[in-house]
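To start, the structure itself, in structure tokens.
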Amino acid sequence: METSGVERRRRRRRVVLVPYPFQGHITPMLQLGSILHSKGFSILIAHTKFSSPNPSNYPHFTFLPLSDNLDGFDTSFHNLLNVMSVINSNCEAPFEEHMMQMVAEEEVCGQQVACIIYDPIMKFADAVANRLKLPSIVLRTTSAAYMHSHIVMFQLLAENLIPLPESQLHAAIPEVHPLRFKDLPLPASMEIPQVVLDFQHTTSATLDDFFSIGPFHKMAPAIPTSLLEEENICLSWLDKQAPNSVIYVSLGSLAIIDEKALTELAWGLAKSEQPFLWVVRPSLVNGSDAMESLPEDLIKTTQERGLVVKWAPQKKVLAHPAVGGFFTHCGWNSTLESICEGVPLICMPCFADQMVNARYLTYVWRVGIELENGRERTIEKAIRTMMVSEEGEVMRQRAFHMKREIERSMNEGGSSYESLNCLAVYLLSYESGIEIIGKARAGVMQKAMLGAATMILLIRSFGLGCGVGTTEILYRGIIKRLNMVHIEALIFFGALSVSVAYIGVARRFGAFEVTL
């Protein structure tokens, strides 16, 4: 049990969170904030006015609106690079002004800024933290596998090999199984915009040490995180279905497909003859309302065994016993939520990290089926394989085993449980230029004077093999020791247990190094 002194110190620590204002980035940031609040920290959310969560849903947080000047600006999927640039240009000055005021008022209000935790796309937050000499934490909302794939991309850039010839895109990347060049996180077939390179370099600094935490959605107190209205009617519909009989279909909050792809998916579902719950958000189809684009014959053909909604309470859906498979875009939130419920996946990746996730789900973790293409017949075959074949049942058993290992990592003594405590100690320790780093498992406390801001890199991931051993990881050519996880080139997959996120400590000064 914590002492009252520690509890009082935590209440005096404020953590400032700076999320990128899109669903897949906001969700983990709010979950992390809720976790840290449950540990006794005060939480402030610095958020753009665009796409802001409703503060009334989070009475335990303080919200700081940042002027972004996005009124009337094109914030569609196809203009995301410009959205990133505009946000970083417009939000830095107001954020710095608020942070300077907050630091100046620390003695009066009795709360000290413990650190700034920011999405790497919101790189202005790092610049402000550095100038004010405040600790900062980068929350990567993607997987370890995705981040590791950046190494290859930057090697190709350094050797002036981008754009790659079309003939090379399907080739396997040496020593990065199971990725092909076409799976890389940035388009290897075209020139890369400088704005993208800037954001990627933000979190490609030298990494030292890691400690694992997560999964956020399982560890955080229940809070609403969806920016879209959820249709709970789907839960009562699922109650009427047989166990493991329903294929749940959702391509996330941002992906866009054309009408032809929607039609192929619709008839693949229909001809599979399996019960389905399908999320068709209005903006799914480029240039039209997706619901209006659905074939009329499909509705008539499947009305007895299918339900189509605009948005669903996904975590509750995946936890429902009727759901036996998840047809997904392989966004990292969806991937984690599915595996944590023991639900295998049919993978139809669309962009960014999703191709990398799909390859690992299918060929390393073996709980997924990657679609070769988006044609009706391919989709029908994949759904039948997942839902009614022996191969699909084996994947469900494997996913269920992963679920159990994840649960063990979150229990007292598990890697995620212990590492979350390490993070709390770290956040508590920064005081007046002195950082106390706790080696929790060894019972060692070390101190060092810090001459500059500290940056920590937090990456949400999962892996099998956590528990007691110490293994080695390879990241950007640097071999480091890592407690609790077995890693193959920074990709978690072992034999004992699961940790669902990890943190790497990257320092802007080289004089002090510890292992957590």
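What follows is calculated from the coordinates using simple rules that are stated; it is not laboratory data. The model shown is predicted, which means the values in this text are computed figures rather than measured ones. In this analysis, Cβ positions are derived from the backbone assuming ideal geometry, glycine residues included, and neighbour counts consider all displayed protein chains.
General observations
- Separation between Cα centres of the range 298-325 and the range 68-100, rounded to whole Å: 36
- Phi-based couplings in Hz for the range 337-342 (Karplus 6.51, -1.76, 1.60; Gly and Pro marked x): 4, 6, 5, 5, 9, x
- Integer Hz, Karplus 6.51/-1.76/1.60 couplings in order for the range 421-427, x for Gly and Pro: 4, 4, 4, 4, 5, 4, 5
- Each residue of the range 300-313 is assigned a 3J(HN,Hα), and the resulting list reads 5, 5, 10, 4, 7, 10, x, 9, 10, 10, 7, 6, 10, x Hz, derived from the Karplus form 6.51 cos²θ - 1.76 cosθ + 1.60 (θ = phi - 60°), x at Gly and Pro.
- Cut-off under 5 Å, modelled amide H: who pairs with Leu345 long-range: Phe326, Gly368, Ile369
- This model, with +1 at the C-beta of Lys and Arg and -1 at the C-beta of Asp and Glu, gives the range 269-384 a dipole about its Cα centre of some 240 debye.
- Backbone amide hydrogens, once placed in the peptide plane, bring Phe63 within less than 5 Å of Ile45, excluding anything fewer than 5 places away on its chain.
- Based on C-alpha pairs under 8 angstrom that are at least 6 apart in sequence, the range 233-410 has a relative contact order of 26 percent.
- Residues whose amide H lies under 5 Å from that of Val138, counting only those 5 or more places away or on a different chain, are Tyr118, Ile456, Leu457, Leu458; hydrogens are built 1.01 Å from N in the peptide plane.
- Gln397-Arg305 pseudo-label distance in nm [points 7 Å out on the Cα-to-Cβ vector]: 2.5
- As a length-normalised measure over Cα pairs under 8 Å and 6 or more apart, the relative contact order of the range 256-315 settles at 42 percent.
- Using a Förster distance of 60 Å, the FRET efficiency for Glu166-Glu106 (Cβ separation, nearest 0.05): 0.60
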